[in-house]
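The values are calculated or read from the model by the stated rules, or taken from the named source; none is laboratory data. Fair warning: this is a prediction, and the values are worked out from it, not measured in the lab. Here Cβ is always computed from backbone atoms with ideal geometry, including for glycine, and neighbour counts include all displayed protein chains. Ligands, DNA and RNA are stripped out before the accessible areas are found, and what is left, the full protein with its side chains, is counted by its heavy atoms. Shrake-Rupley method; radii C 1.70, N 1.55, O 1.52, S 1.80 Å.
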Amino acid sequence: MNHRLVSSMSRRSFLSLMGTAAAGTALASCGPLLSRNPDPADVAQVEPVVNPGDLEKPNLTIGYVPVNDCAPFAIAWKKGFFRKYGLTVTLNREASWATSRDGVIFGRTDAAPVVSGAVTNARIGAEGARHAPLCAAMTIHRHGNALTFNRGLWDAGVRPWREYSGNLEAFGQDLRQYFSSLPTDQRVLAVVLSSSIYEYFVRYLTAAAGLDPSRDFRMIVIPPPQMVSNVRIGAMQGYMVAEPWNSRATRPLGKGTEGVGFTFAQGKELWRGHPDRLLGVMESFIEENPKTYRSLVKALIEACQYCGRPENQAEVARIVSERSFTGAKEIFTRPALVGEYHYGGFDGVERIDRTGDSTLFFDLPPGLSDIPGDHSTFLWQSESLWLVTQAARWGQISEIPRDAEALARKAWRSDLYREIATEMDIPCPTEDYKVEPAQVFIDQKAFDPSDLSGYLNSFEIRASAPQQFGLRTTRL
């Protein structure tokens, strides 16, 4: 978080922001601790295939954050997948993605979902990340997030990305014009965690549009449940977060007749196929509890399969909406889970995406991957390397580590995932790396993991780029 924000905001705005943040944190962290077993009627019929007595640690505490991402954890708990594999699980509600990550690192929880970027950056010691031997056991889901802009951007002429028909230059002109009209202290965008894929997405998009994230605006870190309120009080121009907090901004607040913002783009429009959440565990947990680890991964793979089946999606949306999980109304959790995503707007036009890939839990849609055995929960180590290039691009590490591939192997346990999936008769890709073609990125720039330095240096706007001195006339 850029602490200059405090000094550059007015005292009244700062106090309002902190008051809202404190209230949001209290609400987010006071959710129930799911310490009892699910209703026996839901799981009694599930026959365990693993004897708990054969596991090193059958009783686990697993964190979750109250966003749609918790769906596989909720399903594994309520439908008996944890029980099936010999596990008794306590689900612990986390206040933010930082506490979800830190709970694993400091041993408060045995496992938890973490934002893509948290595991990789823990290994490379990126600025803003905890430095620890954190591992990713599997991908929980792909997509499922979006970038929300406020009403001011709409009034200035900015529209959802899909209405620009791929014209990045036109969008960049609209975005730069709006930001140039703002006082410096109002040029603020928010993400849920520093050194995360959401931060990299915001930086990637704005840099592609011609803004320098290091100079032209600031980013702050706010827990998901506080995003909408902070846009409402004018603390920031937009944010990137997991659903349902984007959909929440497009709906009326209280007695109002309009939402506070609109969805500019789903994450899938910035990088189609990107990993969103990973299952985070410590390396020591894997080493000390190899049987338990395999049971945990199997339970969550089955839960992801359940969440991904079209016939289950409406039920999953209902479960995720329960007070124990997101506590959000189903009209907010449902759109990104069942394939009826509404971008919002302030002109009465209905903008609904029904492509069905707003959130990917297991099966991949046609055209996304032609690699045999590829599926959503598989870990591609090349995706970890993409995150490394972004950490280097924005100066969170001084350079791409010489042992980047070795660090990726330690961090993203594709080897163990492949073994576990094979035991479940799930085919997997035989390789750990793949080229991301140009068409999956918003700026049409392909990523080849065999040339990390070349990819990094291909970006004109980056922390390590040669600096020009003198008056800037092309940007703000």
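Using a 1.4 Å probe on the protein heavy atoms, what percent of the accessible area of the chain belongs to carbon and sulfur?
48 percent
How many Å² of accessible area per residue for the range 314-458, probe 1.4 Å?
44 Å²
For the chain, please report how many Lys pairs fall under 23 Å Cα to Cα, leaving out neighbours fewer than 8 apart on the same chain.
Close lysine pairs found across the chain: 21.
Does the range 374-441 come out rounded, prolate or oblate by the C-alpha gyration tensor, with a ≥ b ≥ c the root eigenvalues, rounded set by a/c under 1.5 and, if not, prolate when a/b is larger than b/c and oblate if not?
Judged from the Cα gyration tensor, the range 374-441 comes out oblate (a/c at least 1.5, b/c at or above a/b).
For the range 174-285, what does the accessible surface come to per residue with a 1.4 Å probe? Please give it in Å².
Value for the range 174-285: 26 Å² per residue.
Report the net charge of residues surrounding TYR164, where surrounding means a beta-carbon distance below 12 angstrom and charges are Lys +1, Arg +1, Asp -1, Glu -1.
With Lys, Arg at +1 and Asp, Glu at -1, the net is -2.
Given the DSSP H assignment, sum -39500 (n - 2.57) over each helix run of at least 4 residues in the chain and divide by its residue total; what's the result at 222 nm in deg cm²/dmol, nearest 500?
Mean residue ellipticity at 222 nm (helix-derived): -10000 deg cm²/dmol.
Which one of VAL191, LEU91, VAL320 is farthest out on the positive end of the charge dipole of the chain, using unit charges on Cβ (Lys, Arg +1; Asp, Glu -1) and the Cα centre as origin?
VAL191
Are there any trypsin sites (Lys or Arg not before Pro) in the range 55-129 that are in a DSSP loop and have at most 15 other Cβ atoms within 10 Å? List them by number.
For trypsin sites (Lys or Arg not before Pro) across the range 55-129 that sit outside H, G, I, E and B with at most 15 neighbouring Cβ atoms in 10 Å, the list reads ARG108.
Quick check: from the Cα gyration tensor, does the range 68-135 come out rounded (a/c under 1.5), prolate or oblate?
Cα axes put the range 68-135 in the prolate bin.
Please work out whether the range 179-330 counts as rounded, prolate or oblate from its C-alpha gyration tensor, where a ≥ b ≥ c are the square roots of the eigenvalues and a/c under 1.5 means rounded, while otherwise a/b larger than b/c means prolate and anything else oblate?
Oblate is the answer for the range 179-330, as a/c is 1.5 or above yet b/c matches or exceeds a/b.
Quote the charge dipole size of the chain about the Cα centre in Debye, to the nearest 20; the model charges only the Cβ of Lys and Arg (+1) and of Asp and Glu (-1).
Computed charge dipole of the chain: roughly 1620 debye.
How about the range 300-364: which trypsin sites (Lys or Arg not before Pro) there lie in a loop by DSSP and see at most 15 other Cβ atoms within 10 Å?
Within the range 300-364, the qualifying trypsin sites (Lys or Arg not before Pro) (loop, at most 15 other Cβ atoms within 10 Å) are ARG323, LYS329, ARG354.
Helix 197-208: angle to the longest alpha-carbon principal axis of the chain, degrees 0 to 90, nearest 10?
Tilt of helix 197-208: around 30 degrees.
For the residue pair ASN167 and ARG354, what label-to-label distance in nm results when each label sits 7 Å from Cα along the Cα-to-beta-carbon direction?
Taking the simple label geometry, ASN167 and ARG354 are separated by 2.8 nm.
What is the dipole size for the range 46-133, taken about its Cα centre, with +1 at each Lys and Arg Cβ and -1 at each Asp and Glu Cβ, in debye to the nearest 20?
Roughly 140 debye, rounded to the nearest 20.
Just one of [x] -0.79, -1.14; [y] -0.70, -1.04; [z] -0.94, -1.16 is log10 I(q)/I(0) by the Debye sum over Cα atoms at q = 0.10, 0.12 Å⁻¹ calculated from these coordinates, so which is it?
It is the value labelled [y].
So if each residue of separation counts as 0.36 nm, and I subtract the Cα-Cα distance between ILE331 and ASP363, what length gain in nm does that give?
9.1 nm
Rounded to the nearest 10 degrees, what's the angle between the helix 381-393 long axis and the longest principal axis of the chain, both from Cα atoms, 0 to 90?
The two axes meet at around 30 degrees.
Would you mind getting me the FRET efficiency between ASP155 and ASN457? Use the beta-carbon distance for r and R0 = 35 Å, nearest 0.05.
0.40
Under the rule that an exposed site lies in a DSSP loop and has at most 16 other Cβ atoms within 10 Å, name the longest stretch of the chain with no GluC sites (Glu not before Pro) of that kind, not counting the sites themselves.
128-257
Which residue, chosen from SER247, TYR455, VAL228, occupies the Cα position most advanced towards the positive end of the dipole of the chain, where the dipole is computed from +1 (Lys, Arg) and -1 (Asp, Glu) charges on Cβ about the Cα centre?
The Cα lying farthest towards the positive end belongs to VAL228.
If you take every DSSP beta bridge fully contained in the chain, what fraction is antiparallel? Give it as a percent rounded to 5.
Given both bridge residues lie in the chain, the antiparallel proportion sits at roughly 65 percent.
Taking 0.36 nm per intervening residue step and subtracting the Cα-Cα distance, what contour gain separates GLU127 from ASP415 on full extension?
Here the segment from GLU127 to ASP415 would lengthen by 100.9 nm.
Pop a pseudo-label 7 angstrom from the Cα along the beta-carbon direction at both ASP443 and THR430 and give the gap in nm to one decimal.
Those two pseudo-labels are separated by 3.5 nm.
Looking at the chain, identify the longest residue range that excludes and avoids all chymotrypsin sites (Phe, Trp or Tyr not before Pro) in DSSP loops having at most 15 other Cβ atoms within 10 Å.
Between the exposed loop sites, the longest stretch runs 107-345.
Accessible area per residue of the range 80-161 at 1.4 Å probe, in Å²?
25 Å²
Could you tell me which of PHE378, ALA208, ALA156 has its Cα farthest along the dipole of the chain towards the positive end, charges placed at Cβ (Lys, Arg +1; Asp, Glu -1), taken about the Cα centre?
The listed residue farthest towards the positive side: ALA156.
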